[in-house]
């Protein structure tokens, strides 16, 4: 029997954010634990997985897909290149741009690891029915699109500079 969590207080945006962040943290920790035996960190796994399922792409595009900054992406690609799992190739359209692609060894490695790893994720997500999983996926996409639209409405590059002890009125926008 599934436990249904009910509360007398309505869920607010900030409460939802905390639950979402905690769920993400727990799932990320679980995945890291599952792949640690392969000597692979989460960011490296995510890069290999996106290349497996989406094909060759630029470092910045991979970063957008796996939510890593360019510096982190470069470090991840360097590590994977040292292991012989990816190669950087010149782009036919833009010589300044490099395309990252799986090598044969990299494709074999991530294909086998992903096949072994998928049941681990299924085991955790099986607490939800297939209908609930479909609904959650749809709702998370809707929430993500809403956040992207909110960023666009605020303008690009603007963040709040939080100085220690500053009140909200004292916080100033800055370029990130």
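The values are calculated or read from the model by the stated rules, or taken from the named source; none is laboratory data. Bear in mind that the values here come from a model prediction, so they are computed numbers and not experimental data. For neighbour counting, all protein chains shown are included, and Cβ atoms are generated from backbone atoms with ideal geometry for every residue, glycine included.
Criterion applied to 42, 52 was being in contact (Cβ under 8 Å) with a residue 40 or more places away in the chain and either surrounded by 10 or more Cβ atoms within 10 Å (Cβ to Cβ) or within 27 Å of residue 129 (Cα to Cα) (or both), and the one residue passing it is 52. For the stretch 150-172, the tally of residues that are modelled with pLDDT of 75 or more and either surrounded by 10 or more Cβ atoms within 10 Å (Cβ to Cβ) or farther than 18 Å from residue 67 by Cα (or both) stands at 4. Taken across the stretch 84-92, residues that are in contact with a helix residue (DSSP H, G or I) (Cβ under 6 Å, 6 or more places away or on another chain) and either under 25 Å from residue 140 (Cα atoms) or surrounded by 15 or more Cβ atoms within 10 Å (Cβ to Cβ) (or both) do occur, with at least one present. From the list 28, 69, the lone residue that is exposed (fewer than 11 other Cβ atoms within 10 Å of the Cβ) and in contact with a helix residue (DSSP H, G or I) (Cβ under 8 Å, 6 or more places away or on another chain) is 69. Does residue 110 satisfy the condition of being surrounded by 16 or more Cβ atoms within 10 Å (Cβ to Cβ), more than 27 Å from residue 28 (Cβ to Cβ) and touching a strand residue (DSSP E or B) at 6+ places or on another chain (Cβ under 8 Å)? Criteria not met by residue 110. All of (1) within 20 Å of the chain's Cα centre (by Cα); (2) touching a residue at least 12 places away in the same chain (Cβ under 8 Å); (3) surrounded by 13 or more Cβ atoms within 10 Å (Cβ to Cβ) hold for residue 63 with one exception: (2). Could you list, ordered by first residue, the pairs with Cβ atoms under 6 Å in which the first is in the stretch 74-97 and without any contact (Cβ under 8 Å) to a residue 24 or more places away in the chain and the second is part of a helix (DSSP H, G or I), at least 6 apart or interchain? Short answer, once both residue conditions are applied: 84/105. Among the residues making up the stretch 126-142, those that are surrounded by 12 or more Cβ atoms within 10 Å (Cβ to Cβ) and either assigned to a helix (DSSP H, G or I) or touching a strand residue (DSSP E or B) at 6+ places or on another chain (Cβ under 6 Å) (or both) are 132, 133, 135, 136.
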